[in-house]
Each structure stands twice: as C-alpha cells, then as structure tokens.
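Before any comments, here is the structure.
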Amino acid sequence: MLNDLDKLKSQAIAELQSITDANSIEDWRVAYLGRKGKLTQILRGLSTLPIEERKAVGAAANDIKVLLDEELNKRHRAIKEASLDGGAQAIDVTLPGRTVPLGRLHPTTQIIRQINDAFTSMGFEVVEGPEVESDYYNFEALNIPKDHPARDMWDTIWISRDEASPTLLRTHTSPMQVRVMEKRQPPVRVVVPGRCYRYEATDATHESIFFQIEGLAVDKGITFADLKGTLYEFAKRLFGAERKVRFRCDYFPFVEPGVDMSIDCFVCGGKGCRLCSNTGWIEILGAGMVHPNVLRGVGYDSDIYTGFAFGLGVERIFMLKHGIDDIRLFYGDDLRFLKQF
Amino acid sequence: MKVSINWLKDYVDVIIPAADLAHKLTMSGNEVEGMEVIGAAWDKVVVGHVVALEPHPDADRLRLATVELGGEQMTVVCGAPNVQVNDKIAFARVGAKLIDGHSGEAMELRPAKIRGVVSSGMVCSEMELGMSDNHNEIIVLSPDAPVGMPLAEYMGDTVLDITVTPNRADCLSILGIARETAALTGKTMTMPEVKYTEDGEPIDKSVSVAIADPDLCYRYCASLITGVKIGPSPEWMQRRLLASGMRPISNIVDITNYVMLEYGQPLHAFDYERLPGGKVIVRRGKGEKLTTIDDVDRKITPHMLAIADEKNPIALAGVMGGEASEVNEKTTTILLESANFNSENIRRTAQAMKMRSEASLRFEKGLSPELAFYAVRRATQLIVELTGGVAAKGIVDVYPAVVKYAPISLTGDRVRQVLGTDIDQDEMVGVLETLGFECERKSTVELLVSVPYWRTDVSLPVDLIEEIARITGYDQIPTTLLSSEIPQNESHPMLAFKDKVRDILVGCGMQEIITYPLVSRETLDKISAPEPIRLLNPLSAEQEYLRTSLKPSMLMKVADNEKHEQSLGLFEIGRIYLSRENELPDEREVLMGSITGQRGQKTWNTASATVDFYDAKGILEVLFGRLGVDAAFEPAEDETLVKGRCASIAVAGQAIGVIGQLDPRVAEWYEVSSDPVYLFEIELDKLLPLVEPLGEYTPIARFPGSTRDISLLVDIDLPSQKVQHIIEDTKLVSSVAPFDVYTGDKLPAGKKTLAYSIVYQSSERTLTDKEVNKVQDGLLKRLQKTLGVTLRQ
Ligand SMILES: [Zn+2]
C-alpha cells in the first residue's frame, strides 16, 4: 500500500511538471485531489485496513496530500508568471479610456479666483455687493456729484432717475468702497469682484456687461509706495515675475493722486505691436490714493487715515493671458470656446 | 485735444524730441494717444516764387510757370487756375514723393513731357502733399515764406493727440500744455504778449451788459470792434486750426476758435448791428424759441441760460449762438463775448439739446472766471491785427462776485504720509512754481501755496501732492509692501458656498456658464417668472429687464449649443433681481442646471444612452451629499415641467428648489430642439442657512453587518421614498438602497415590485440570523400595515 502511494506521488508530480496551462492544472487537481480523485480514494479506503497499517498509510497519504497541494500551488504560480511575463495579458492600450464627463469653470470664474487668491494672500478679504445701486453709492459718495463732467467716464444704465432716489445698474465696483467703509472701522483691506454695467455699444473690446474687481486698503500709514508695491506684486503673480510695470498719472474722482498701471507688452516685449497700440505698454488697472472727500464721507478722519483703491477689468486680464481678441466670446457661452479653458 | 508743437513753441522752448515729450506728457497725466508728423514725406519739396506765367503753346487750360527756387529757376507746366505771378508756392522737385490726385497713391515725381513741353517738377496742391483732398488748386503760401527753404522746415509740424482728463480744463489749451511742457522739461513758459491800441469810442457808449441770473453766469466780458472786414484768416492761422482739427471759416470765427484753442476759453462773436441798442441781458429762458446757427428751432426753457437782447434770446449761453445775430460777410462791427457760466448748467443744457461742442465741453469742466478777461483781450488784439478793425476803448466786465481762494498749507509730514517718501522742500517749490503756483515758505516743513486761477481742480493738500508726484515722476516713489496689521476678516459664507457648489458641479462633469442678467420681457413671461424691473434706458429690447429667473437664459444657451454638442450639462450660479418697496431690489443667488443629450460619449466600449431624470437627480444628490444636507424630493407640479416628472426639493422641511423634465412646448418657444431636457433650480440663499457645519465623527463599525434583499409588491404609484423611510427608521438598519424596480405582465394589474438591499448592523456585537430575522419580520409587518405592501417571493 505504501508502495502504491509512493508510485502515485511520483506519477502525480511528474504529470504536474508537464502541465503548462491553467485548464490542465484543474484536470490534474480533479484527478488526484478531487472528491473522486486517486488520493482521496486511497484515503477513503483506509477504513478497510487493519488499525496499525491504517495509521501508517493515513499519515503517509496526508503527507502526500500536503505535498501535492504545495506543488499544485507552485505550479499554478509558475504558469501564471509565465503567462504574465510572456505578455499573454496584453490589451490595446492605445484605445481611449472609458469617458468620465469633464466639467469646467467659466473663464471669468477662473480668473476671478486667481486674482482673489493673489490679493487674499496679501491679507485682503473678498466681499460682494449689490449690482443695482443708488446714485449715491455709485457716484455722489465717490466724489462725483450730479452734473460733474467726470460722469462722462461712466455711461449709465438707469432704473429710475427720480430726484429722491435715483437708481442705476452700478457702472463699477467702486460703490463697495463706501459700503464697506460705512460698516467697518480701519484697518480695511478688501477686494470686491462683481458685475458692472455700462450704457455702451458692444464690440470686440467693449462689453456693456462685464466684471470688475475693486480693491481697497485703508489704515494709518498706508502710502502711495504701498500702492505701487501691492499692485506690482499682483502683476507679477498674474503675469509672471519677469513682467515690468509702469505707473503713470491718471484721473479718477475718488482718488488723489490717481494712477494708471500698465505692464510691458508680452507680445512684443515693449517694442510696440498691435496689442499694445505700438506703445509697448498694456494698461491693466486704474488706482490711486483714496480721496479725502470719500474718507470724510464715511466718517473716517482723513488726517489720520490714508489708503489706496484700485479697479480692474476681469475679462481683459484673461484676454491678455490667453490672446483672446474678442470680449464677446465670454458671455456668448459657446461651449467650443468655454471648453478650451 | 490736438496740440501743434509749432504752436507750443510760441510759448515754451521744446528742447526734446516730440516722442519724448509725448512720453513725459503721458506719464504725468496727459495721455498722448497719437502723434502725427505733418511734412514727414515732403522730401525734395521747397518754397518757390512764381516769377513768370506763360500760356502753354498747345493747351488752353495749362500754363507754363517759371519758379524761382533761390539761385535757380525752373519752368514747369501748371494746370491750377489759381496760380498767379508773385505767388509763393510749394515746389516739388523730381524725386519727391507725392500723392497722385487721381489714384490717391504715393508716387515718385518723374520728369514728364506734357503736350510737348518737358516739366521737371511740379507746383503742389494740398492733396499732393497729403494735407487734404483738394487737388484742383495749388497751395499759396504766405508772401513772407523764404524762397528755397524746404517746405517741411517752413510749415512742417508734429501734432500730439492728447486725451485730457475731465479735471484738467486748463489742459484743453495750448497754453496749458505749454505750461506742462515747461514743468516737465525744466523750462519756463511765456504768455502771449497782448497789446493793442483802443482807437474807438468808449465801449460804455454803445454796449451795456446785465447779468440777471448771477447763479448761472459768474462773469461776462465783452469788447467791441468796428470797421472789421470779413474775409479768410491768414494762412498760418488756418494751418494751426486744421492741425487742431478745426475747419477754417472766416477771420472772425477763426479768431474765436484760435483763442479758444490757445487759452481754453470759448468766445462768441455777435454782429453788433443786429443787436438792438447794444443791450445784452444774461438770463434764464422763458420758453421762447431761438433759431440756432445750425438752423434748428430750439425752445429755451427756464432751466437754460440765454444771452438775450431787450426782448429775445440771441444765443444759448455757452452752447450755441443764434442765427439772427450771427456774423456774416456783411458784418462790420463785432461784439465779442467772453463769459463764465455755471458748469453744471451748461452740461445739462448741452446734454438736453444734444449739442455738445468744443465750447460746451470746456465750460462744463469748470473754467476760471479770470480766464474770460485774458481771452477777450487776446481775441480783440487778433481782430484788430488781422481784420483791420478798431477796438472800442475799454472792456465791458460784469463780475458780480469775485472768487478768492485761501492758500493751501502743505507740510512735509503730509507729503510723507501720502507718498511714503520724503521730498525736499526746494524740489516741491520748484515743481509747483513752474506750474504757476506761488509758494510761501512758512517754515522748513510747511509751505503756503496759492493756486493759480486756471487750476480749478486744485483745492486740497493731496491735490498739490499729486502735482509734485506726477511732475517728479511716479517712478521716483519707492515700492513697498503693506506693513500694517492685517485686518480681522469677517466671514462671507455665500462666497465660499457658491465656490463650493461650483466645484462640486464641475466635479460632476458640468460646464459653468455665465449669462447676461438683462433679458427681454417675453422670455420671462413665457415661463411665468415674477414681475421684473424695467430699465429706463435699455440698450436693446433683448436687454430691457432685470431677470427674475435664470431659466430663460439657460434655455437659450442650450439652444445655442445643442447643434454642435452630443450632450450638454450646463449650470449657472447667478443673481435674480426682485423688486422691493422703497428699497434696492432683493438680489438672490440662484443655481440653475440643465442636462440633455447622451449620457457619456458613445465609445468603443460604452454604449450611449439618453440622459434621464435620474441623471439630473444624481447630480443633485452628489451636491447635497457633499454639502452634508438631507434633501427630500417630493412629486410636484411646475408650469414649465412635464407633469409627473417634476419634484420639489426640500431641506429640513423648507422648499429650496425644483427638478424636472422641461415641457417640450416651453422648449419649442426657446428654440430648444433637444428632448428630453432636465432642469434643476436651487435657491442658494435658502439652502445656505440649512447647511450645518460638520459635527463630530462616528466611529467605524467594528462588527460586520448582515445584508438582506427583499422584494415587495406595491401599488404602482407608491413612491419608493415612502417605503425607504419606513425601512430606514427601523432599529438596527444601517443602510438601505433600492436595487430593482419592476413593472410588467407577470404582476397583478396596478402593481409593481420594489426590491431593496438592507444592511442590518449593531455597534455592540455581531448580529445573529435569528435577531435579523426577527427585526425584518417586524419591518415587513409594519410595511404591510402602513402601506399595504406584501413580500414577494
Ligand atoms: Zn506690444
């Protein structure tokens, strides 16, 4: 009996070694280790043997079963590894993947976030305000009285022009300067993204409805030098550290001194081209030191507190960064445009 | 404002190239938008003197002109009818580049044989020199033009096109820009020398002026010039007017325009003979009619200021003159007005009349009353010099309230406080004085600065600080970062919330859009949106109302994009504007979403299918899941959504939005051809307060759960949510999800099956089968009792 077992062991191992595929391995397992397999049968037949022999044969058969299980696992693994190494699992990796729908933020949202981030990292807080405004906040409180020639700078869409409470669609985000200062005491550092409206015909460079970001910093000791530094830092973050900036005098009634900031043209590097109207410079924002009349209007002591304010056109920044030549693409919302960003 | 550099040179030494001056002006606030060089192409064109004219032997209309060029004479063929012996003319030599009179192209001049006569040169018209379209007449130069001098040297010029900011009325003048130029280049400007003799009668004998409304007219100066001969103004004046963009008309009109350009003070010339009794009354209108010089009848209301004779208005003050008193070719006596009016009133009148002119634009910016006097004298001088007129003795000057301004105290501390740098007192004085300010040194740290009359924009120390900074240059100021304390931030949950919602939806594969908040009435009415606010002056009927719903714009964007997209998943977070009594409108933040077309792209391994309600709902479930809110969807109705395919959405019992399938009839109106389209609309202002901050964490279950599937036979219209709520509320149930919904022939009529996978779990121990069976038996009994549901085997 033990001899038979030995023979069975040798035969089983020999057969196993010659197997090279997974199916034959399963056949082999059924033939030897399965319920009706040869080794199982021997184990079943044990009961007919005398007790002494039963013990010896039983122990031997069990050893062989353990051995054959081990060998089976080894063989299994060898065949699998051979198949992996041989590239039998190859698929066409050049076919496209299963699609997952791709969502995107609108370019305006993207650029507003970038600009907000640049300023929040300098301690500014983002706030929002109403788009339908009173004449008071949009003009009067910003040192632009009724019938002031500077009103020409903002062609206005009106809701109501009655004397008591003229109402309009805000022409800039600047009214929030006043609204924020009315509610808070210095120090103040805010940026205000938001939609603005102008009574203006629309063309490739002008939208009647567009977004601006307003900025305001007021405290003791804030200077024109801080204005320059803060806006320079902003320009570097948005347009790259190698950008040059230029500050020149400009006029906005709610600041004094007033500033226009330009960056050197990144298309021509300052030599002059169509983008920069041959000046080598691209205007990107208006700014200045908050006018004492505006500070006084909100009850700040303009002898103690100073500050700067700025405003920039959001779409224009994005257009400059991506070479977009028509602002109307933004709110035309053609997916063939939006999907590019 | 177009500024001729030649003209500028009358009053200041221009020591730098025009391009450098343009740069300096731009940096200091007077932005030069363009620069035109007159005569840049006048190479080989010189001043010539016509010494003889002979008829052409073979052509009646041509003549042979002999031209002296300074040591050299040439004879050329000339076709212009206006050439005369002794004229100074512009002569082009062979090789000059001239504009062809017929083609308009630049051509090089070659010797030509014209009807048998060889012509080596040409007498030029304005067109050939690129000055105008006139090619029938040759240019006749001033008799004193130096023969032989290159034309570019004689009459070339550079013209700067400057955008003057609204505060700088003084820079709308040659003298103003000359002053800026002087300050920017360290030079001193000179003023025109105004001297003339007054050989006439005293003006008081023939002219009287009364200001009836001194709140609208602050000063009125007038001079009287008799014996004027109307004719063209001299060539040099015409040239400067043309360079400044004004058309020469006649000597008197040209002189008033010339002085307006030079001083910035508008003037008006009346024909004295047509002014009964020489009486001028400055008063409000009384509703009378006035025919203005553009031949339009206008009503002069009491809001407007008129210049009137004893009875009727003769001009609309500061805006336009009247036809009846206009100077014409027969005029011999001029009453010249130089006045100062209320700037707001002029602005309102000019806007109301839609007559904004060079004059009204200057008045409305706020001129100094002082200017009126200087300008009337300058213009009178030019009239006397150029028209043969005789000035009456004296000037009428009615100036009811002379305005005096107190000097401004400027301290070094204030300069440092604003600019962040110290500026030497000498430097400040230097800058301010070249601009015309007078500085008194109170101490080493304080200046007392008197503002010159023309600077109506300067009244505060910061105004002076800007003057100092812009002239020394903004680039001289250091660049520093904010060093003061960072303010305490207030929280703005809506901003962060909107950004979070955007990010979640983008994560779900949706594209954000931003549409115009201004829409037409029709598009809102079609979906029964709330009553919108109308604009007073809309740009178009398509943008006449503030939207009260985001739906119309969303549908229009679907219509625009469906043609070129297989599938659309769009959302917008935007405002709606609801009117309120006595308050600014309520601006509410709304989320609007739409999906339509294919669910995913059809690819080699993915079958495509049309999106359905549950795709849209799934997106909202992700949104609510990420926000950590429990939203209940209940069947609802909406006018724009298909009946039975619409649900209201509530959080904590409060309605926050709606979801459903777009009614194809509504779709059709918006030209949306996709079907089905699913929409959802969430009121973010309502949702935000319902979003709870994250609480404490729940420990991870340590004991395994036990999953059971059950299949229930229910009434066909029973919403699954009702069953699910009962299962969820059962003890030991940790989760439940429907995994099959079946309707069909094999079931009794009016029934469907709902199958759920339920996980039972305890946090204290592993549950036994017996325990689970007991709980589930109880659950099934409760379902049967409350909903009439039976277990299906
Ligand atoms: Zn460029």
Return the long-range amide H neighbours of B:Thr158 (sequence gap of 5 or more, or a different chain), with a cut-off of under 5 Å between placed amide H atoms. B:Ile5, B:Asn6, B:Ile38
Given only helices, namely DSSP H runs of n ≥ 4 each adding -39500 (n - 2.57), what is the per-residue ellipticity at 222 nm of the protein assembly as shown, to the nearest 500 deg cm²/dmol? -9000 deg cm²/dmol
Where in the range B:628-648 does the label zone of B:Lys722 land, with the point 7 angstrom along Cα→C-beta and an amide N cut-off under 18 Å? B:632-637, B:644-648
Loop-located chymotrypsin sites (Phe, Trp or Tyr not before Pro) in the range B:687-793, at most 12 other Cβ atoms within 10 Å (DSSP): B:Tyr697
Can you give the angle from 0 to 90° between the axis of helix B:461-472 and the longest principal axis of chain B, with both taken from C-alpha atoms, to the nearest 10? 70 degrees
If amide H atoms are built 1.01 Å from N in the plane of the peptide, which residues on other chains or at least 5 residues away come under 5 Å of the amide H of A:His172? A:Tyr197
What nm value, rounded to one decimal, do you get for the distance between A:Asp152 and B:Asp715 when each label is placed 7 Å out toward the C-beta? 7.5 nm
Label-reachable residues, the range B:564-586, where backbone N falls under 18 Å from a point 7 Å from B:Gln601's Cα toward its Cβ: B:564-570
Picking from A:His291, A:His322, A:His172, which is most flexible by a Gaussian network model of chain A using Cα springs under 10 Å? A:His322
What are the principal axis extents of the Cα atoms in the range A:32-143, in Å, biggest first? 117, 37, 27
In sequence order, calculated HN-Hα J values of the range A:327-341 (Karplus, 6.51, -1.76, 1.60; Hz; x Gly/Pro): 5, 5, 5, 4, 10, x, 6, 7, 4, 5, 7, 4, 5, 7, 10
Cut-off 11 Å between beta-carbons: net charge of the residues surrounding A:Asn143, Lys and Arg +1, Asp and Glu -1: -1
Rounded to whole Hz, the Karplus (6.51, -1.76, 1.60) HN-Hα couplings of the range B:182-190, x for glycine and proline: 4, 5, 7, 10, x, 10, 10, 8, 10
Just need the Rg to Rh number for the range B:295-379, please, alpha carbons only, Kirkwood Rh. 0.96
Rounded to whole Hz and in sequence order, give me ³J(HN,Hα) for the range A:84-90 from the Karplus expression 6.51 cos²θ - 1.76 cosθ + 1.60, θ = phi - 60°, writing x for Gly and Pro. 4, 5, x, x, 5, 8, 4
Spin-label model distance (nm) - B:Leu787 vs B:Thr301, 7 Å beyond Cα toward Cβ: 7.1 nm
What is the Rg over Rh value, at two decimals, for the protein assembly as shown, using alpha-carbon atoms and the Kirkwood definition of Rh? 1.17
What full-extension length gain, to one decimal in nm, is calculated for A:Asp334 and A:Glu163 as 0.36 nm per residue of separation minus the Cα-Cα distance? 57.4 nm
Suppose the chain between B:Ser528 and B:Val117 were pulled fully straight at 0.36 nm per residue; how much longer would it get relative to their current alpha carbon spacing? 139.4 nm
Computed over chain B: longest principal axis from alpha-carbon atoms vs helix B:769-787 long axis, angle to nearest 10 degrees, is 70 degrees
Go through the cysteines of chain A and tell me which have no other cysteine Cβ under 4.7 Å away. A:Cys196, A:Cys249
Which loop-located trypsin sites (Lys or Arg not before Pro) does the range B:227-336 contain, where loop means any DSSP state but H, G, I, E or B and the Cβ has at most 15 other Cβ atoms within 10 Å? B:Lys229, B:Lys286, B:Lys311, B:Lys330
I'd like the orientation of helix B:18-27 relative to chain B: the angle between its Cα long axis and the longest Cα principal axis, in ° from 0 to 90, rounded to 10. 50 degrees
With a Förster distance of 30 angstrom and the Cβ-Cβ distance between A:Ile79 and A:Ala59, calculated FRET efficiency to the nearest 0.05 equals 0.45
Express the C-alpha Rg of the range A:107-338 as a ratio against the empirical globular expectation 2.2 N^0.38 Å, rounded to two decimals. 1.00
Over 30 Å between C-alpha atoms is what I'm after, so list which of A:Lys7/A:Lys55; A:Lys146/A:Lys244; B:Lys686/B:Lys751 land there. A:Lys146/A:Lys244; B:Lys686/B:Lys751
Output the pairs from B:Lys229/B:Lys354; B:Lys9/B:Lys97; B:Lys9/B:Lys354 with a Cα-Cα distance over 31 Å in this structure; if there are none, say none. B:Lys229/B:Lys354; B:Lys9/B:Lys354
Given the options A:Asp27, A:Asp203, A:Asp325, state which has the largest fluctuation in a GNM of chain A using a 10 Å cut-off (strictly under) for Cα springs. A:Asp27
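In Å, the Kirkwood hydrodynamic radius of the range A:237-288 over pairs of distinct alpha carbons?
So the Kirkwood estimate lands at 11.5 Å.
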Cα-based Rg then Dmax for the range B:1-147, in Å, read 18.4, 62
Apply 1/(1 + (r/R0)^6) to the Cβ-Cβ distance of B:Lys187 and A:Thr205, taking R0 = 41 Å, and write down the FRET efficiency to the nearest 0.05. 0.60
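Quick check for me: using +1 on Lys/Arg Cβ and -1 on Asp/Glu Cβ, what's the dipole size of chain B about its Cα centre, in debye to the nearest 20?
1860 debye
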With Cβ to Cβ distances under 10 Å as the rule, what net charge do the other residues near B:Leu570 carry (K, R +1; D, E -1)? -3
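Check each of the chymotrypsin sites (Phe, Trp or Tyr not before Pro) in the range B:596-664 and keep only those in coil by DSSP with at most 13 other C-beta atoms within 10 angstrom; list them in order.
Passing both the DSSP loop test and the Cβ count: B:Trp604.
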Please report the net charge: other residues with Cβ closer than 15 Å to the Cβ of B:His725, K and R +1, D and E -1. 0
Report Rg/Rh for the range B:631-708, rounded to two decimals, where Rg is the Cα radius of gyration and Rh the Kirkwood radius. 1.20
On a full-extension model of 0.36 nm per residue, what is the gain between B:Ser142 and B:Lys731, subtracting their alpha-carbon distance, rounded to one decimal in nm? 201.0 nm
Per-residue mean of C-beta atoms belonging to partner chains within 10 Å, peptide B:532-540: 5
Treating each Cα of the range B:717-756 as an identical point scatterer and ignoring solvent, apply the Debye formula and state log10 I(q)/I(0) at q = 0.14, 0.22 Å⁻¹. -0.36, -0.73
So if I average 1/r over every pair of distinct C-alpha atoms in the range B:184-313 and take the inverse, what Kirkwood radius in Å does that give? 17.5 Å
Let me know the Kirkwood hydrodynamic radius for chain B, please, with Cα pairs as the basis and the value in Å to one decimal. 35.2 Å
Around B:Ile211, which amide H atoms from residues at least 5 apart in sequence, or from another chain, sit under 5 Å from its own amide H, with H modelled in the peptide plane? B:Val282
Given a Förster radius of 51 Å and the C-beta distance between B:Asp199 and B:Asp58 as r, what FRET efficiency does 1/(1 + (r/R0)^6) yield to the nearest 0.05? 0.40
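Every read-out reported here was derived from the displayed coordinates using simple, explicitly stated rules and does not represent laboratory data. Note that the structure is a prediction, hence the values are computed from the model and not measured. For neighbour counting, all protein chains shown are included, and Cβ atoms are generated from backbone atoms with ideal geometry for every residue, glycine included.
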